[in-house]
Amino acid sequence: MVRPSGLLTRQEEPVPLKSICVTLSIREFVAGVSATLNYENEEKFPLETFFVFPMDEDSAVYNFEATVDGKIIKAELKDKKKAHILYESAISHRHQAFLLEEDKCSRDVFCCNVGNLQPGSKVALTLKYVQELPLEVDGALRYVLPAVLNPRYRCSGSPEDSCLDMKTPIVPLDDLPYAFSMTATISSQHGIERIQSNCPLSSIEYLGDKKTSAQISLADGHKFDRDVELLIYYSEVHTPSVAVELGNPKNNPDGLMKDPSAMVCFYPNIPEAEPSATCGEFVFLMDRSGSMQCPISKQDKSQLRIEAAKETLILLLKSLPINCYFNIYGFGSSFEAFFPNSVKYSQDTMEEALRRVKLMRADLGGTEILTPLQVIYREPSIPGHPLQLFVFTDGEVTDTFSIIKEVRNHRLRHRCFSFGIGEGASTSLIKGIARVGGGTSEFITGKDRMQSKALSTLKRALQPAVEDVSVNWDLPRGLSAKILSPEQTVLYKGQRLIVYAQLTGTMPPAERTGEVCLKYTLQGKSFENKVTFSLQPKLDDNFTIHRLAAKAFLQSMDMGFGETPARFKKDVLKVSIDCGVISSHTAFIAVNKDLNKPVQGPLARRDIPRPMLLGATTVMKQCRRIVFGENYLVQLISLQNADGSWDLDESLARILGINLKDLQTALPVKDADPSSWATVLAVVWLHAMAKHQKCEWELLEKKARLWINMNAGSIKKKLVKAAITFTKSSVDPGVFGS
């Protein structure tokens, strides 16, 4: 038997997709991406191919074109139903056709169809998109090119025609039959400090005296075992700015593209505020599906997801404010709650929760979030304690839009903070529920620690609410601004705020300026952030700001193919088609009408294989458990009482590495409360031995210091001095306050 030449699937069929080439251009905090899929039919009959791949849900896809034998065929964006009719008609008449669409179930999964690929022919399909880059806590801009698409758990009621249901061939990573390459250009007027990546780079070349630009390329041999992530550190990222982009009135006589668009970037300098007297109800919804038994990443010594989740819950429990209410839910195919209802935070309830956290396993089957969410929302509100919901999941679901809708329906009674765990977590789900729930989203991949990101988010949740948020424009007479972004009701310290607007009316002479002002109140005090900007629009052939503005509008109005209300669908279709930005109701369609004759022969289907990291039995068997040494930090934190204190006992002595009798003898004040001495020693240990993980224990350490101030009284300074001397540490006594 003669084996066919070229790359093969497991069924020994040649794979028509040969390579994926990505060109990335990042300017300040906006990324422009061009991705080309190169196909070749090495078989003796025409093919129809299907390629399912992930995209970041913030991506504004605005262009799709095919290059066939040197001729470019530009696709048109049409109503999705009409696009499918055109595609099927072209295929049935043996014409070549190309289709690109979002999945019906999730905004972060796309499907590319190539119909009637002739024997021996080569086709290059190029899609282009732009997106805002999120700002990390440490000031880095984060770009992620999704490369991992995990299987999504199907629950009852999910659409039956999702492209996620395609029986896509699964191949081992080393046998993936198409190559991948990426080159990137990064530029900032403020200069680039450094660039980091979770994948090997073949080179980084900085240009300009102040390193205002850089060129990088991904090393050969990327295996699709992880998303490609870049962390970009500019010399300055917190400078407010306004950019005005020229419209396109000739080709768009009405609609959003006709007029100039403005992109406003604020970095609100929200001051430190006194903790709110309102404590809140904190509900933690933790994924316990089988995939949580895998490591967070494929890097060496990566912690198992479920173990990181347990440590995170311990830290969160110890960091909660006294007198709040809390509960913990674990979910999979079913769900379990620690308590029938949220309970008041006390020593007894905290200890019971800790006991159950330590018994948690990734043993609840699939990933079904909707049912426990509905149960949580059915619980009556606790007067004076607004609900703060924390959702942790690896995001492998198909009912994404239903979940987002459920959170949106309850947005007025709570805030929702979300965490995507591991490679391939659904950006549509994680970002979507945080956006409609007035919270923030985080992704934990590579060397990221779930613990630190969760505690940083808890700090945000404990901030007093910023209220009366408004954006006001001061423009010359005859010019007005129409806000395109969804109404901003929540602001957090350290967070960036981006606002899009359409400028309508008569543009003034080039020398005129405008002003935009962000106003808000915090604990009864009013604050303003103003930016003055030039009203001279700049030309951008890609209309980047217009596309991003359209995407912001679509994210607020487009609730999914089957979930968008009829009153919104008309506007979604108009903005999507006018601006050329794909939505769940539109699709790109191209038909090659220039072939001399229809494609001959029976049409064979080929699904492009993709790698599988999670869910496959072969991979699950490879997920070896990482054995960690004793984690003294987690052990110390586990001993802390709900009020913030520690007991002077054998458990504490063992962690401190000192005999208990010696600790008791060293008590500097006779008849002093041993708990005061123990708590001071524990705080000194945190600062001396775990200062690099301060973000994880900062809140519980603050609770400990408050307890010391209330209970140690006049002997606090003696205890602190004695503890530092006794432990031979160099901790500054000032960390305990005055």
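Observations on the structure shown:
- Between Val375, Ala219, Val130, the Cα set farthest toward the positive side of the dipole of the chain (charges on each charged residue's Cβ, about the Cα centre) is that of Val375.
- Entry note, the chain: the mean residue ellipticity at 222 nm calculated from DSSP H runs of n ≥ 4, each adding -39500 (n - 2.57), is -7500 deg cm²/dmol after division by the residues and rounding to the nearest 500.
- In the context of the full set of protein chains, the chain has a per residue accessible area of 43 Å² (1.4 Å probe).
- Converting phi to 3J(HN,Hα) with the Karplus coefficients 6.51, -1.76 and 1.60 and the offset θ = phi - 60°, the range 679-688 yields 5, 5, 4, 5, 5, 4, 4, 4, 6, 7 Hz in sequence order, with x at every glycine or proline.
- 0 to 90° range, to nearest 10: angle between helix 566-579 axis and the chain longest Cα axis: 70 degrees
- Option label - Cα Rg over 2.2 N^0.38 Å computed here, alternatives (i) 0.98; (ii) 1.04; (iii) 1.35: (ii)
- Order by protection proxy (mean Cβ within 10 Å, highest first), peptides 64-71, 674-681, 423-430: 423-430, 674-681, 64-71
- Nonlocal amide H pairs with Phe180, under 5 Å, H built at 1.01 Å: Ile20, Gly221, His222
- Label point of Asp647 set 7 angstrom out along Cα-Cβ; within the range 656-684, amide nitrogens under 12 Å from it belong to 675.
- When nucleic acids and ligands are ignored and a 1.4 Å probe is applied, Arg361 ends up with an accessible area of around 120 Å².
- Rounded percent of accessible protein surface that carbon and sulfur make up, the chain, 1.4 Å probe: 50 percent
- Calculated FRET value between Asn341 and Lys718, using beta carbons and R₀ = 51 Å, to 0.05: 0.70
- Greater than 31 Å apart at Cα, pairs in Lys78/Lys538; Lys104/Lys128; Lys210/Lys525; Lys128/Lys694; Lys78/Lys405: Lys210/Lys525; Lys128/Lys694
- Angle in degrees between helix 544-557 and the longest Cα principal axis of the chain, rounded to the nearest 10: 70 degrees
- Interchain or long-range residues, amide H under 5 Å from Thr564's placed H: Met559
- Environment charge at Val114 (Cβ cut-off 12 Å; Lys +1, Arg +1, Asp -1, Glu -1): 0
- Compared with the dominant principal axis of the Cα atoms in the chain, helix 305-319 is inclined by about 50°.
- Taken over the alpha carbons of the range 272-393 as equal point scatterers, the Debye sum produces base-10 log I(q)/I(0) values at 0.14, 0.16 Å⁻¹ of -0.62, -0.78.
- Positive-end residue, the range 221-364 charge dipole about Cα centroid, Cβ charges, pick of Leu231, Ala308, Val244: Ala308
- Here the Karplus relation 6.51 cos²θ - 1.76 cosθ + 1.60, evaluated at θ = phi - 60°, turns the backbone of the range 495-506 into coupling constants of 9, 8, 10, 10, 10, 10, 8, 9, 9, 10, x, 9 Hz, with x for every Gly and Pro.
- When the listed pairs Lys223/Lys358; Lys482/Lys570; Lys569/Lys593; Lys318/Lys670; Lys223/Lys459; Lys519/Lys703 are checked against a 27 Å cut-off, the alpha-carbon distance exceeds it for Lys223/Lys358; Lys569/Lys593; Lys318/Lys670; Lys223/Lys459; Lys519/Lys703.
- For the range 621-738, the Kirkwood hydrodynamic radius comes to 14.8 Å, computed from all pairs of different C-alpha atoms.
- When the Cα positions of Ser333, Leu320, His190 are compared along the charge dipole of the chain, Leu320 comes out farthest toward the positive end, with charges on each C-beta of Lys, Arg, Asp and Glu.
- Estimated dipole of the chain in Debye, rounded to 20 [Cβ of Lys and Arg +1, of Asp and Glu -1, Cα centre]: 340 debye
- Using the average count of surrounding beta-carbon atoms within 10 Å as a protection proxy, the listed peptides 265-274, 134-143 rank, highest first, as 134-143, 265-274.
- Across the range 627-682, the fraction of Cα-Cα pairs farther apart than 18 Å, rounded to a whole number, is 30%.
- Exposure rank, largest accessible area first [Cys111, Cys21; 1.4 Å]: Cys21, Cys111
- Of all beta bridges that DSSP places with both ends in the chain, some 75 percent have antiparallel geometry.
- Over the range 311-414, relative contact order from alpha-carbon pairs under 8 Å, at least 6 apart, %: 25 percent
- Rounded FRET efficiency, nearest 0.05, which uses the C-beta distance separating Asn251 from Asp540 and R0 of 22 Å: 0.90
- Relative contact order (%) - the chain, alpha-carbon pairs under 8 angstrom, separation at least six: 18 percent
- Label-to-label distance, Lys447 versus Asn659, with points set 7 angstrom from Cα along the beta-carbon direction: 4.1 nm.
- Applied to the range 217-232, the Karplus parametrisation 6.51 cos²θ - 1.76 cosθ + 1.60 on θ = phi - 60° returns per-residue 3J(HN,Hα) values of 8, 6, 5, 4, x, 4, 9, 6, 8, 7, 5, 7, 10, 10, 10, 10 Hz, with x for Gly and Pro.
- Nearest-0.05 FRET efficiency for Arg356 and Ser526, computed from C-beta distance (R0 45 Å): 0.50
The values are calculated or read from the model by the stated rules, or taken from the named source; none is laboratory data. Please read all numbers here as calculations on a predicted model, not as lab measurements. Positions of Cβ are generated from backbone atoms using ideal geometry, with glycine treated the same way; all protein chains shown enter the neighbour counts. The area values use the complete protein model at the heavy-atom level, side chains included, leaving out ligands, DNA and RNA. Shrake-Rupley method; radii C 1.70, N 1.55, O 1.52, S 1.80 Å.
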